[in-house]
Amino acid sequence: MISMSRIEALGPEKNAQLLEAEQRRLKTLDPKSLEAKELKKVIGFRKFYIRRVNLDAEIDYHNHMYQELQKINSGSKKSEQEMQQFFLQAHQEQARLAWLKKQPHYMLKKQDPDGEFEALNNKYFDVTQVPINKLTPQMVKARKKQLAKELGFMLENPDSPITNHELPNPNSDYGVNNAVEYYRSTQQVLDLKLKISQNNQQYKNNPTMRNELNRPLFQELRDHYQRLGNSEKIDKAIDRRMRFVKQQQDKAVSRVSKGGRVLRKLQQALNSIGRGGRSDIRALSRHLDDDQELAMEEAKEDQEIEIEIEAAQERERGMEC
């Protein structure tokens, strides 16, 4: 039987490779065989080790982000000062959450009588990793509230160095616009998973209906997973949206004699993409004589920027979901 000390000596990369091979091997064995039972123990040890390594890395990351954020001068603007304090607290809490995850379950129950772990986990859980059958409406509500606050601060301070520090995809050329798309997909993952979970419960005795309802939801879920895992896909989506507005701008130039006013509206709409520009797009549709093509695209845009509107509404209501 392999020991934990030997597993630790191999390091995370080697253990990850061996874990993958052992999991494939396990599938070929008789579950009741002695070899299978021993292999399950080894796999359990490797998973435990890799999980602790990942949690340590997460703690180090949030401590580093906290220290770097402290160095940023928030200036005299009140919203930037509040933003800095908000994200400082978020990094502290996420480091704390990772530490709590490292604790054995029996110790966690003793050390956490007030439910700190559950409260923090609901605010910060990874939407792509949470199992569908574990997701609850309360978890979705808490996670959305945190996401709305994060995005709300970024939209209010798009040019702040604090925003640049906290962007989910800091290497994207689109900055806050990319963040809007990222947060939108994050919210959509939550909504889709919760809907799938509800369908599973409602139609647990009718698998045909359940599968029929869930099939398109799983496809949407995969699409959003890809967007969250690849910043370039989000940038391409922004490119498409901006090209559409540019096409409408060109059409307006060619057919509207009073181009000055329309062009200003079009430019405002172009600049507002990703920054809560819903009202500008609606105004644009009216100025273009209710152009059918743009009206259809507007409906599509309305659906896509729900997270921006929700963020604004959250802030107006004092960030209460």
For region 1-64, the percent of all C-alpha pairs falling in each 10 Å bin, from 0 up to the bin holding the max distance, is 21, 46, 24, 8, 2
Within straight cross-link reach of LYS27, meaning Cα distance under 19 Å, which lysines are found once same-chain residues fewer than 8 apart are removed?
LYS37, LYS40, LYS41, LYS47
Roll a 1.4 Å probe over the protein chains and send me the accessible area per residue for region 1-88 in Å².
68
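What does the extension gain come out to for GLU20 and GLN226, with contour length at 0.36 nm per residue minus their alpha carbon separation?
Numbers: separation 206, 0.36 × 206 = 74.16 nm, distance 2.25 nm.
Stretched out fully, the GLU20 to GLN226 stretch lengthens by 71.9 nm.
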At each listed q (0.17, 0.20, 0.21, 0.23 Å⁻¹), what is the log10 of I(q)/I(0) that the Debye formula gives for region 96-205 modelled as equal alpha-carbon point scatterers?
-0.92, -1.07, -1.11, -1.18
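For ARG6, ARG46, write out the residues from largest to smallest accessible area, computed with a 1.4 angstrom probe and no ligands counted. Before the final figure, lay out each step's value.
On the way: ARG6 145, ARG46 10 Å².
Putting ARG6, ARG46 in descending order of accessible area: ARG6, ARG46.
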Probe radius 1.4 Å, ligands and nucleic acids ignored: give me the carbon and sulfur share of the accessible area of region 125-203 as a rounded percent.
44
With a Cα-only, solvent-free Debye model of region 101-150, what are the log10 I(q)/I(0) values at q = 0.29 Å⁻¹?
-1.10
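Give the calculated FRET efficiency between ASN206 and LYS233 to the nearest 0.05, with a Förster radius of 35 Å applied to their Cβ-Cβ distance. All intermediate terms of the calculation are to be shown ahead of the outcome.
Numbers: r = 35 Å, r/R0 = 1.00.
Efficiency computed from Cβ-Cβ geometry: 0.50.
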Grab the beta carbon distance between ASP191 and LYS41, set R0 = 51 Å, and tell me the FRET efficiency rounded to 0.05.
0.85
Per DSSP, loop trypsin sites (Lys or Arg not before Pro) in region 133-213 with at most 14 further Cβ within 10 Å
LYS204
Principal axes first, then extents: for the Cα atoms of region 15-158, list largest minus smallest coordinate on each axis, whole Å, largest first.
68, 32, 31
Pairwise FRET efficiency - ASP159 versus LYS78, Cβ, R0 = 22 Å, nearest 0.05:
0.90
Given points 7 Å out from each Cα along the Cα-Cβ axis, report the ASN171 to TYR61 separation in nanometres with one decimal.
1.4
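The values are calculated or read from the model by the stated rules, or taken from the named source; none is laboratory data. The structure displayed is predicted, hence computed values, not measured ones. Note that each Cβ is placed from the backbone with ideal geometry, even for glycine, and that neighbours are counted across all protein chains shown. Side chains included, ligands, DNA and RNA excluded: accessible areas come from the protein's heavy atoms. Shrake-Rupley method; radii C 1.70, N 1.55, O 1.52, S 1.80 Å.
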